Amino acid sequence: MIRLSTLVTVVTLLLAPAPVRAMEGPLVSRDAEALARRLGETTWGMEELLAGKVEQVVVTLRVEELDGEGQVKHVQERVDRFRLKDGQQHREILQARKDGEDATAALRKDLEERQRKGQGRAEFSSVNLPFASTSLALHRFSLAGPDPKDPQRVRLRFEPRNDKAPWVHKGEALVNPSTGQLLRLDYSPSILPDMAERVDVRMEFRPQPGVGQVLDTLHVEAEGGFLFYKKRLRITARYSQLVLPSGTTALVSSSQ
C-alpha cells in the first residue's frame, strides 16, 4: 500500500513556494526550449529554498483516503510551519486533526521521534521544476499551442529525454508569455513512491505583491496498493504566509 507518511512528506515538501520574477518586456520567441530556459531563469525552486531565500512558509494540508467508489473514508488535516535558520530547515506542526478529532499532540510526538532518528527530512534535490537549471537538460520541451480557454496563454509540454533519468517529469505548464509568469503546472513524476501505481500533480500559482508568482495550491491524486489491497488518496496543500529574509530585493518589476 502507499505509505501515508511518505506521501504526506512528498506533498508537503514536493515543490516549495516558487516565486517567479516578471520578465522585462514581452517574450518574442515562441521556441519551446527558449521559453523553458527563460522560465528557469525567472523561477525559484527547491535550490533557492535551501539557499535561504525563503525564510518561512505555512502549509495547510488535507489528505483524504477514498474508497473504491471515490467516497471519502478518512481525512487528515494539518497546518505546518517551515522555517529556515542558519541554513537548516525546521518544521513545526501548528495543529492537526484526524477524522474531525484533534491529533496535534500525537503528531507532534511522532514528528519529534522521527526527527531524532534522522527521518522526516525531505530529499529537496529530487523535486526541482522541469526547467530548473539542474533538470532542464533532462527534459524535452515542445509548444502545445494556446490555451483553449485563453489564447493569450501558452501551453508548454515537457517529457524526459531519457526514460531512465531520475526525477524527470512528463506534463504541461501553462505560461503567460508576455510576462513570463508560470500559471499552472501539471505532471506525473517518473519515480513513484513505494507501491504507488499513479500520481498526478497539479500546481497553481498566484501573484504576491513584492514577490511575483508563488505556489498557491498543490493538488495530488494517487492510487496504489498490494494485491487486493488498494488505496486512493486525494491531497491538497495550500501555501501561505511566505516570508523572505529581511533585505531581500523585491522581485516585481517597477514597470508592472
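From ALA196, ALA173, which residue is in contact (Cβ under 8 Å) with a residue 40 or more places away in the chain and open to solvent by less than 10 Å² (accessible area, probe 1.4 Å)?
Values: ALA196 fails: open to solvent by less than 10 Å² (accessible area, probe 1.4 Å).
Result: ALA173 is the single residue among ALA196, ALA173 that is in contact (Cβ under 8 Å) with a residue 40 or more places away in the chain and open to solvent by less than 10 Å² (accessible area, probe 1.4 Å).
Within region 199-214, if we keep just the residues that are assigned to a strand (DSSP E or B) and at pLDDT below 75, the residue that is most open to solvent (accessible area, probe 1.4 Å) turns out to be GLN208. Take the conditions (1) β-branched (Val, Ile, Thr); (2) over 27 Å from GLU92 (Cα atoms); (3) modelled with pLDDT of 80 or more; (4) touching a Pro at 6+ places or on another chain (Cβ under 9 Å); ILE191 misses just one of them, which is (3). Residues that are over 18 Å from LEU215 (Cβ atoms), more than 14 Å from the chain's Cα centre (by Cα), in contact (Cβ under 8 Å) with a residue 24 or more places away in the chain and crowded, with 20+ Cβ neighbours inside 10 Å occur at least once in region 143-156.
When GLU159, GLU221 are checked against the criterion of being at pLDDT 80 or above, open to solvent by 50 Å² or more (accessible area, probe 1.4 Å), out of contact with any His (no Cβ under 7 Å at 6 or more places or on another chain) and in a strand (DSSP E or B), a single residue qualifies: GLU221.
State yes or no: is LEU94 within 30 Å of VAL243 (Cβ to Cβ) and modelled with pLDDT under 90?
Working: within 30 Å of VAL243 (Cβ to Cβ): yes; modelled with pLDDT under 90: no.
So LEU94 does not fit the description; no.
Look at region 57-76: where a residue is touching a residue at least 60 places away in the same chain (Cβ under 8 Å) and among the polar types (S, T, N, Q) and a partner is open to solvent by less than 20 Å² (accessible area, probe 1.4 Å) and not in a strand (DSSP E or B), sitting 6+ places away or on another chain with Cβ atoms under 9 Å, you get GLN76/VAL8; GLN76/ALA103.
When only residues in region 82-99 that are in contact (Cβ under 8 Å) with a residue 12 or more places away in the chain and not in a strand (DSSP E or B) count, which is least open to solvent (accessible area, probe 1.4 Å)?
Within region 82-99, the first condition is being in contact (Cβ under 8 Å) with a residue 12 or more places away in the chain, and the residues that meet it are 82-84, 87, 89, 91-99.
Applying the additional criterion that residues be not in a strand (DSSP E or B) yields 87, 99.
On the way: GLY87: 54, ASP99: 87 Å².
The qualifying residue least open to solvent (accessible area, probe 1.4 Å) is GLY87.
The values are calculated or read from the model by the stated rules, or taken from the named source; none is laboratory data. Computed from a prediction, not measured in an experiment: that's the story for all the values here. Every residue, glycine as well, gets a Cβ built from its backbone with ideal geometry; the counts of neighbours run over all protein chains shown. Keep in mind that these areas ignore ligands, DNA and RNA; they rest on the heavy atoms of the full protein, side chains included. Shrake-Rupley method; radii C 1.70, N 1.55, O 1.52, S 1.80 Å.
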